[in-house]
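Trainee: The following block contains the structure, expressed as structure tokens.
The values are calculated or read from the model by the stated rules, or taken from the named source; none is laboratory data. None of the values given here were measured: they were computed from a predicted structure. Virtual Cβ from ideal backbone geometry, glycine too; neighbours counted across all protein chains shown.
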Amino acid sequence: MTDDLEALFGRPATGPLAGIVVADLSRVLAGPYATMLLADMGALVIKVEGPRGDDTRTWVPPERDGEGTYYLSVNRNKYSIALDFAEPEQLAIVHRIVERADVLVENFKPGGLQRFGLDFETLRARHPRLVYASITGFGTAGGIDLPGYDLLAQAVSGLMDVTGSPDGGPTKAGVALVDVITGLHATAGILAALNARHATRRGDRIEVNLLSSILSGMVNQTSAFVAGDVVPRRMGNAHPSLAPYEPFPTADRDLVLAVGNDAQFARLCEVLGMPQLADDAQYATMGARNRHRDALRDLLTDRLRTRGADEWFELLRAAGVPSGPILGVDGGVRFAESLGLDPVAPAGRGARVIPTVRHPIGYASGEVDYSQAPPHFDGDRERVLAWLDR
């Protein structure tokens, strides 16, 4: 079977999920990010798009050869077929894809797939081994009518309220962080359900939503309220529980210090030529540093201003003190390259090769395959139909 798939789709049937078929009925970010990770792991992912295609195809700028880089970021290693669920003959093809699938991923409005017979209850009766993953904005109870946009989830979760300058307004994260975290949670749930299926021989339903995902993803900030009855406040780039843990000005530009324990603070003081601070009762422990963070910030700033950020970074790095310059995205990619992390992975072959960001997990058993570029709209219709006829 895997040899047939490789011959038909032209992609090696390798990886920890080789042999798993995913019907991807999702669009935009959270769902497509999850299904791309599954595809990178070796699953055969059929991307079922509506007549207008995934919205992100047209989210420009930026773009590459007329395609939105947003779309390109989360759709490699998939195969696209466009189908109109409102047309009976095309809906029948969707059902044939689902019949062959181990996993279905969807982010339709809750209840939106019921009229097409693609809801969990209907499919569970027909395909008891199917792992069915639903992604919503705010669940299927009181939030069923709320549209699932990342920005809304950032707003109502408290994420925006704890992000930004203390004397400024709430600020969204610079990336659709809620969608990405939700996609990761969906991936984890799918993998767990696939693992359980080996024993039970039955599938399961995975439900994730943006709000629950970010409340979990805000970890210590959410816990501050839930467990400590403390409402976190905006602190700019400072940390509520760690100091020094923020950017500091140097002779030329800012440098981040990320001191996580007392031993690191002692090493920082040695590098700065201020060893006495590590023995000072006001700064010797993390709790004390937090109580006196303003005075400590002034002392460290005065010393850090005597040299440039790059020079301090090299000295602190050599001493094992967590620190780093603030880089742009271009600098972040180049920094990863300098560390040998190879962050850019060309996806595709022949005339269509798209630079993409490398899959974040390494496997001792082998490399992730990147032989399939993000698909053109409906670009794999004939291959998918031929696969269904086998």
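Trainee: Name the residues in region 201-257 that are buried (at least 20 other Cβ atoms within 10 Å of the Cβ) and without any contact (Cβ under 8 Å) to a residue 24 or more places away in the chain, would you?
Mentor: Tyr245 - this is the single residue of region 201-257 that is buried (at least 20 other Cβ atoms within 10 Å of the Cβ) and without any contact (Cβ under 8 Å) to a residue 24 or more places away in the chain.
Trainee: What number goes with the only condition from (1) touching a Phe, Trp or Tyr at 6+ places or on another chain (Cβ under 8 Å); (2) surrounded by 15 or more Cβ atoms within 10 Å (Cβ to Cβ) that Ile135 does not pass?
Mentor: Exception for Ile135: condition (1).
Trainee: Kindly indicate which of Ala309, Ala284, Ala318 is in contact with a strand residue (DSSP E or B) (Cβ under 7 Å, 6 or more places away or on another chain), modelled with pLDDT of 95 or more and not aromatic (Phe, Trp, Tyr).
Mentor: Being in contact with a strand residue (DSSP E or B) (Cβ under 7 Å, 6 or more places away or on another chain), modelled with pLDDT of 95 or more and not aromatic (Phe, Trp, Tyr) holds for just one of Ala309, Ala284, Ala318, which is Ala309.
Trainee: Also: Asp342 passes all but one of (1) assigned to a loop (DSSP other than H, G, I, E, B); (2) of a type in the set (D, E, K, R); (3) at pLDDT 95 or above; (4) surrounded by 12 or more Cβ atoms within 10 Å (Cβ to Cβ); which number fails?
Mentor: (4)
Trainee: Looking only at region 288-312, count how many residues are assigned to a helix (DSSP H, G or I), closer than 13 Å to Phe248 by Cα and among the polar types (S, T, N, Q).
Mentor: Summing the residues that are assigned to a helix (DSSP H, G or I), closer than 13 Å to Phe248 by Cα and among the polar types (S, T, N, Q) in region 288-312 gives 1.
Trainee: To continue, here is another question. Taking the criterion of being surrounded by fewer than 17 Cβ atoms within 10 Å (Cβ to Cβ), in contact (Cβ under 8 Å) with a residue 60 or more places away in the chain and in contact with a helix residue (DSSP H, G or I) (Cβ under 8 Å, 6 or more places away or on another chain), would at least one residue in region 301-314 satisfy it?
Mentor: no
Trainee: Return the residues of region 172-195 that are surrounded by 15 or more Cβ atoms within 10 Å (Cβ to Cβ) and either on the phi > 0 side of the Ramachandran plot or polar (S, T, N, Q) (or both); say none if nothing qualifies.
Mentor: Selection gives Thr182, Thr187.
Trainee: Among residues belonging to region 52-69 that are in a loop (DSSP other than H, G, I, E, B) and without any contact (Cβ under 8 Å) to a residue 24 or more places away in the chain, point out the one that is farthest from Arg352 (Cα to Cα).
Mentor: Among those that are in a loop (DSSP other than H, G, I, E, B) and without any contact (Cβ under 8 Å) to a residue 24 or more places away in the chain, it is Arg52.
Trainee: Quick one: what pairs do we get from region 278-291, first residue on the phi < 0 side of the Ramachandran plot, second of a type in the set (Ser, Thr, Tyr) and surrounded by 14 or more Cβ atoms within 10 Å (Cβ to Cβ), C-beta under 9 Å, 6+ apart or different chains?
Mentor: That search, which allows pairs on different chains as well, returns Arg289/Tyr283.
Trainee: Output the number of residues of region 86-108 satisfying the condition of being touching a strand residue (DSSP E or B) at 6+ places or on another chain (Cβ under 9 Å) and either under 26 Å from Gly139 (Cα atoms) or small (Gly, Ala, Ser) (or both).
Mentor: Final tally of qualifying residues: 10.
Trainee: Continuing with the same structure: Cβ-Cβ distance below 6 Å, separation of 6 or more or different chains: which pairs start in region 371-384 with a residue that is assigned by TED's automatic domain parsing to the domain that holds Pro12 and end on one that is basic (Lys, Arg) and crowded, with 16+ Cβ neighbours inside 10 Å?
Mentor: Within 6 Å, the pairs are Ser371/Arg11; Gln372/Arg11; Pro374/Arg76; Pro375/Lys78.
Trainee: Next question. Quick check on this structure: which one of Gly340, Gly332 is free of Cβ contacts under 8 Å to residues at least 12 places away in the same chain and on the phi > 0 side of the Ramachandran plot?
Mentor: Gly340
Trainee: Picking from Ala153, Ala133, Ala92, Ala141, which residue would you name as being over 30 Å from Thr200 (Cα atoms) and not aromatic (Phe, Trp, Tyr)?
Mentor: Criteria check complete, one pass: Ala153.
Trainee: Something else: Exactly one condition in (1) in contact with a helix residue (DSSP H, G or I) (Cβ under 6 Å, 6 or more places away or on another chain); (2) buried (at least 16 other Cβ atoms within 10 Å of the Cβ) is not met by Leu388; state its number.
Mentor: (2)
Trainee: OK, next. Hey, among the residues in region 150-171 that are touching an Asp or Glu at 6+ places or on another chain (Cβ under 9 Å) and surrounded by fewer than 16 Cβ atoms within 10 Å (Cβ to Cβ), which one's farthest from Gly183 (Cα to Cα)?
Mentor: So the residue we want is Pro170.
Trainee: Between Ile214, Ile135, which is assigned by TED's automatic domain parsing to the domain that holds Thr35, assigned to a strand (DSSP E or B) and under 20 Å from the mean Cα position of the chain (by Cα)?
Mentor: That would be Ile135, the only listed residue that is assigned by TED's automatic domain parsing to the domain that holds Thr35, assigned to a strand (DSSP E or B) and under 20 Å from the mean Cα position of the chain (by Cα).
Trainee: Being of a type in the set (Gly, Ala, Ser) and touching a helix residue (DSSP H, G or I) at 6+ places or on another chain (Cβ under 8 Å) narrows it down to one of Gly143, Gly111, Gly66, so name that one.
Mentor: Gly143
Trainee: Next up: Which one of the conditions (1) surrounded by 12 or more Cβ atoms within 10 Å (Cβ to Cβ); (2) closer than 30 Å to Ile93 by Cβ; (3) more than 19 Å from the chain's Cα centre (by Cα) does Tyr370 fail to meet, given that it meets all the rest?
Mentor: Evaluating Tyr370 over (1) surrounded by 12 or more Cβ atoms within 10 Å (Cβ to Cβ); (2) closer than 30 Å to Ile93 by Cβ; (3) more than 19 Å from the chain's Cα centre (by Cα) leaves (3) as the failure.
Trainee: Within region 1-50, how many residues turn out to be farther than 17 Å from Leu191 by Cα and part of a strand (DSSP E or B)?
Mentor: Summing the residues that are farther than 17 Å from Leu191 by Cα and part of a strand (DSSP E or B) in region 1-50 gives 5.
Trainee: Can you pull out every residue in region 64-91 that is within 15 Å of Asp378 (Cα to Cα) and hydroxyl-bearing (Ser, Thr, Tyr)?
Mentor: Tyr71, Tyr79, Ser80 - these are the residues of region 64-91 that are within 15 Å of Asp378 (Cα to Cα) and hydroxyl-bearing (Ser, Thr, Tyr).
Trainee: A follow-up question, please. How many residues does region 315-339 hold that are of a type outside the set (A, V, I, L, M, F, W, C), surrounded by fewer than 13 Cβ atoms within 10 Å (Cβ to Cβ) and not in a helix (DSSP H, G or I)?
Mentor: Qualifying residue count, region 315-339: 2.
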